[in-house]
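The values are calculated or read from the model by the stated rules, or taken from the named source; none is laboratory data. Small disclaimer: the values here were computed from a predicted structure and weren't measured. FYI the Cβ positions are ideal-geometry reconstructions off the backbone, even for glycines, and counts take in every protein chain you see. These area figures cover heavy atoms from the full protein model, side chains too; ligands, DNA and RNA do not enter into them. Shrake-Rupley method; radii C 1.70, N 1.55, O 1.52, S 1.80 Å.
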Amino acid sequence: MASASASPAVAPAAAAVPATPMLKDELDIVIPTIRNLDFLEMWRPFFQPYHLIIVQDGDPSKKINVPEGFDYELYNRNDINRILGPKASCISFKDSACRCFGYMVSKKKYIYTIDDDCFVAKDPTGKDINALEQHIKNLLTPSTPFFFNTLYDPYREGADFVRGYPFSLREGTPTAVSHGLWLNIPDYDAPTQLVKPRERNTRYVDAVMSIPKGTLFPMCGMNLGFNRDLIGPAMYFGLMGDGQPIGRYDDMWAGWCMKVVICDHLGLGVKTGLPYIWHSKASNPFVNLKKEYKGIYWQEELIPFFQSVTLPKECTSVQKCYIELSKQVKAKLGKVDEYFNKLADAMVTWIEAWDELNPAGKESAVAPSGPPK
């Protein structure tokens, strides 16, 4: 497949389908993996019309098999090193955080990313859930982060703004991120896995809601959609895995940076809730504990940092926000551990690499906004 001296492997385009899927030519599906992608067979009815970007982690000489009929590019570590050169140091190795390389090389407006142990879930009626379609609906409708609507997402069919909701806020704000959930294996940390090894999530909650301004949340990267034009440069999953003192905090880090620092500053929205996927495989809690233990400890310092960080009004683009955030990470979190100085430098490298692959004129600029004064 892809190698240091060759272009990424490209499979034949998918066969035509009767109905045109939503955003068919405006969305890439990004999948990080170390194994054959047999799971795509279950997703074929929903994914086949779209372009896939597969980021192969681990040994680049290993052949990854992709089912026939999918339109895809596959990048391994040799490709990442060839394309980014010295800046490849900002892309994690032996960790699913490598998926953010796919965000960088995509040229589409929207991204959906999913893990290879996630399958099609069923709703309470037994119908297969088209997770991608629901993410698209979430992203194409506004968010309401400045005032909570007690009927949740007012833009869903059968819902609206309730009595007492300010008319001046009913236009909403652009949605940057759609965060989906999981049935079966919950996304638990290692201590919770150890205490509740047999627990499964069977609760299907038919709701989508905007996460309020100023509120942090634990973002999971296994079932996630976002508007790349609005927030792409902020979706950096950090330095994790091989050679790093921490793992399994890649999506958490990206979520904290993206939400209260950049989306809140620029007046963008984040939704969580539907759609659900079926998470099939529980990772080893003892292995997870080795990866997470420093993060569990550091988190008590990280959360107050993100709750208090502010950006100057001159930060009017995602890139400017992220560079300013990197400076504050180094100044305040560098005292917690030297790792955060390294991470702050990688954040700058990430933005430099992003801008090289996505030249000027594509800067993600959004004037800061908020509720009427």
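Taking segment 211-229 on its own, how many of its residues are open to solvent by 70 Å² or more (accessible area, probe 1.4 Å) and more than 23 Å from Tyr155 (Cα to Cα)?
1
When you go through (1) without any contact (Cβ under 8 Å) to a residue 60 or more places away in the chain; (2) assigned to a helix (DSSP H, G or I); (3) crowded, with 17+ Cβ neighbours inside 10 Å one by one for Gly232, which number turns out not to apply?
Just one mismatch for Gly232, condition (1).
Check segment 111-134 and report whether any residue there is touching a Phe, Trp or Tyr at 6+ places or on another chain (Cβ under 7 Å) and over 25 Å from Thr202 (Cβ atoms).
Yes, that holds for at least one residue.
Looking for something open to solvent by less than 40 Å² (accessible area, probe 1.4 Å) and in contact with a Ser or Thr (Cβ under 8 Å, 6 or more places away or on another chain) - is there at least one such residue anywhere in segment 33-48?
Scanning segment 33-48, I find no residue that is open to solvent by less than 40 Å² (accessible area, probe 1.4 Å) and in contact with a Ser or Thr (Cβ under 8 Å, 6 or more places away or on another chain), so the answer is no.
Among the candidates Asp79, Asp116, which residue alone is charged (D, E, K, R), outside any helix (DSSP H, G or I) and either surrounded by 17 or more Cβ atoms within 10 Å (Cβ to Cβ) or touching a residue at least 24 places away in the same chain (Cβ under 8 Å) (or both)?
Asp116
Is there a residue being touching a helix residue (DSSP H, G or I) at 6+ places or on another chain (Cβ under 9 Å) and under 23 Å from Leu343 (Cβ atoms) anywhere in segment 57-74?
yes
Which of the residues belonging to segment 119-165 are without any contact (Cβ under 8 Å) to a residue 40 or more places away in the chain and small (Gly, Ala, Ser)?
Gly126, Gly158, Ala159, Gly164
Out of the residues in segment 251-308 meeting the condition of being among the hydroxyl-bearing types (Ser, Thr, Tyr) and part of a strand (DSSP E or B), tell me which one is least open to solvent (accessible area, probe 1.4 Å).
That would be Tyr276.
Of the conditions (1) over 15 Å from the mean Cα position of the chain (by Cα); (2) crowded, with 24+ Cβ neighbours inside 10 Å, Ala131 fails just one. Which one is it?
That leaves (1) as the condition not met.
Can you name the condition, by its number, that Ser168 falls short on among (1) open to solvent by 40 Å² or more (accessible area, probe 1.4 Å); (2) under 30 Å from Arg35 (Cα atoms); (3) in contact (Cβ under 8 Å) with a residue 24 or more places away in the chain?
Here Ser168 meets the rest and fails (2).
Is there a residue in segment 147-154 that is surrounded by 20 or more Cβ atoms within 10 Å (Cβ to Cβ) and in contact with a helix residue (DSSP H, G or I) (Cβ under 9 Å, 6 or more places away or on another chain)?
Yes, because at least one residue in segment 147-154 is surrounded by 20 or more Cβ atoms within 10 Å (Cβ to Cβ) and in contact with a helix residue (DSSP H, G or I) (Cβ under 9 Å, 6 or more places away or on another chain).
Would you pick out the residues in segment 1-40 that are part of a loop (DSSP other than H, G, I, E, B), within 23 Å of the chain's Cα centre (by Cα) and either modelled with pLDDT of 95 or more or farther than 19 Å from Cys100 by Cα (or both)? Reasoning before the result, please.
Filtering segment 1-40 down to residues part of a loop (DSSP other than H, G, I, E, B) leaves 1-8, 11-26, 34-39.
When the remaining residues are screened for being within 23 Å of the chain's Cα centre (by Cα), the result is 8, 21-26, 34-39.
Within segment 1-40, Pro21, Met22, Leu23, Lys24, Asp25, Glu26, Ile34, Arg35, Asn36, Leu37, Asp38, Phe39 qualify.
If you scan segment 41-76, which residues turn out to be in a loop (DSSP other than H, G, I, E, B), charged (D, E, K, R) and either closer than 23 Å to Trp354 by Cα or in contact with a Phe, Trp or Tyr (Cβ under 6 Å, 6 or more places away or on another chain) (or both)?
Here is the first cut: in segment 41-76, the residues in a loop (DSSP other than H, G, I, E, B) are 48-50, 57-70, 76.
In the following step, the residues that additionally are charged (D, E, K, R) were identified as 57, 59, 62-63, 68.
Within segment 41-76, Asp57 is the sole residue that qualifies.
If you take the residues of segment 171-210 that are touching a His at 6+ places or on another chain (Cβ under 8 Å) and assigned to a loop (DSSP other than H, G, I, E, B), which of them is most open to solvent (accessible area, probe 1.4 Å)?
Here the residue is Asp187.
Take segment 341-366 and flag every residue that is modelled with pLDDT of 95 or more, closer than 16 Å to Arg228 by Cβ and open to solvent by less than 40 Å² (accessible area, probe 1.4 Å).
Trp350, Ile351, Ala353, Trp354, Asn358
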